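Scroll down for the structure; my scribbles are underneath it.
Values in this text are rule-based calculations from the coordinates and carry no lab data. These figures come from a predicted structure and were not determined experimentally. A quick note on method: Cβ atoms are made from the backbone with ideal geometry, for glycine too, and the neighbour counts reach across all protein chains shown.
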Amino acid sequence: MTRDEGSDAGSGPQVREAFSLLNHEIRLEIVLALLEDWQAVYTEPRSYAELMEAVGMRDSGKFNYHLDKLRGVYVWQVEDGYVPTASVTALYRAVLAHQPTAEFEYDQTEIDAACPGCDATLVLEYERGFVSVDCSACDWIGFTYPFPRRGFDGRDADAVARAVTRRARHHVAMAAEGQCPFCAGTTTVDPRVDAVEDDEYWIKIDCDACSYTIGTAPLATVLYDGQVATALEEVGTGREPYDWQLPGATVRVESRDPLELALEIDGDDGTATVVVDDTVTVQSVCVDG
């Protein structure tokens, strides 16, 4: 199970100010003009006169007022003129990816995958920017993860399911290693040791700076570790295409001080045991069989 839900983080003055800076047509036009030929750090600057002409302004005083509001935040002044900052290009890409003002409807669609609980065909749906995969025949708790609308272009339901699974796995790997995949801030991994005995045990990862928070299966947090990948191959399992097809891991507490958890994964050719610490960092991997 993979879950990502928003929180109240990031609702403070800095966020409000960042949005308010673009709440004027002239400032928005300045930013869009600078983004026309954006080439990351190699973007050719536009001179003051070129930028003013591109925006269609004649009143230099008014133009200067709005340009100063953006300077140092979304616009950077260099020797030959002005260039957009990485912050504004990130906002621009987010709008293109999510297309928040465009209507988008996606009907529930069956995918070529069986429910791990009852073998019924799974269905994919899209709501509030989240792709969810669930079973219509039983109470299996499925997979859900945010996915930009642009990700549906040129993909059928099965391709979307594969794409969002790969996306989630890469994000979880980054977050588990201490870097938020969205804001690059540090993350905190909570192994929820008191819940280890639960049938549907999962590990929580939170960004320390933004709203990214996720609950994920223990094996998913170490899936990209080279030792783990090799061990899974040796016991006859692998990195299945979908998270819900990953082999189940039996989790037990090896030690509480220092904290160590053992993940046991049974395969056709043996058992792999992965020991992780309190940050779910792999400490050892062994294969029996």
The set of residues whose placed amide H lies less than 5 Å from the amide H of V75, leaving out same-chain residues fewer than 5 positions away, is T85
Between 0 and 90 degrees, rounded to the nearest ten: what's the tilt of helix 157-176 against the longest Cα principal axis of the chain?
90 degrees
If you build a Gaussian network model of the chain, linking Cα atoms that sit under 10 Å apart, which residue out of F130, F147, F182 swings the most?
F182
Within the stretch 165-193, name every residue whose backbone N is under 12 Å away from a label modeled 7 Å from Cα of I141 along the Cβ vector.
none
Gyration tensor verdict on the stretch 13-98 (Cα atoms; rounded if a/c is under 1.5, prolate if a/b is larger than b/c, oblate otherwise):
oblate
Once the Cα gyration tensor of the stretch 61-215 is found, what semi-axes does its equivalent ellipsoid get, as square roots of 5 times the eigenvalues, in whole Å, sorted largest first?
38, 23, 11
Env charge @ T121, Cβ radius under 10 Å, K,R +1 / D,E -1, value -3
So what's the angle, to the nearest 10 degrees on a 0 to 90 scale, between helix 25-35 and the longest Cα principal axis of the chain?
70 degrees
Which value in Å does the Kirkwood hydrodynamic radius of the chain take, with 1/r averaged over all unlike C-alpha pairs and then inverted?
22.0 Å
Give the cysteines in the chain for which no other Cys Cβ lies under 4.7 Å away, or write none if there are none.
C286
Could you give the length gained by full extension between Q14 and D68, i.e. 0.36 nm per residue of separation minus their alpha carbon distance, to one decimal place?
17.7 nm
Estimate the FRET efficiency between T230 and L32 by the formula 1/(1 + (r/R0)^6), using the beta-carbon distance for r and 45 Å for R0, to the nearest 0.05.
0.35
Can you give me the C-alpha center-to-center distance between the stretch 158-230 and the stretch 10-89, rounded to a whole angstrom?
36 Å
Given a 10 angstrom Cα cut-off, can you work out which residue in A229, A90, A113 is the most mobile in a GNM of the chain?
A90
Among L124, L259, L28, the residue with the largest mean-square fluctuation in a Gaussian network model of the chain built from Cα contacts under 10 Å is L28
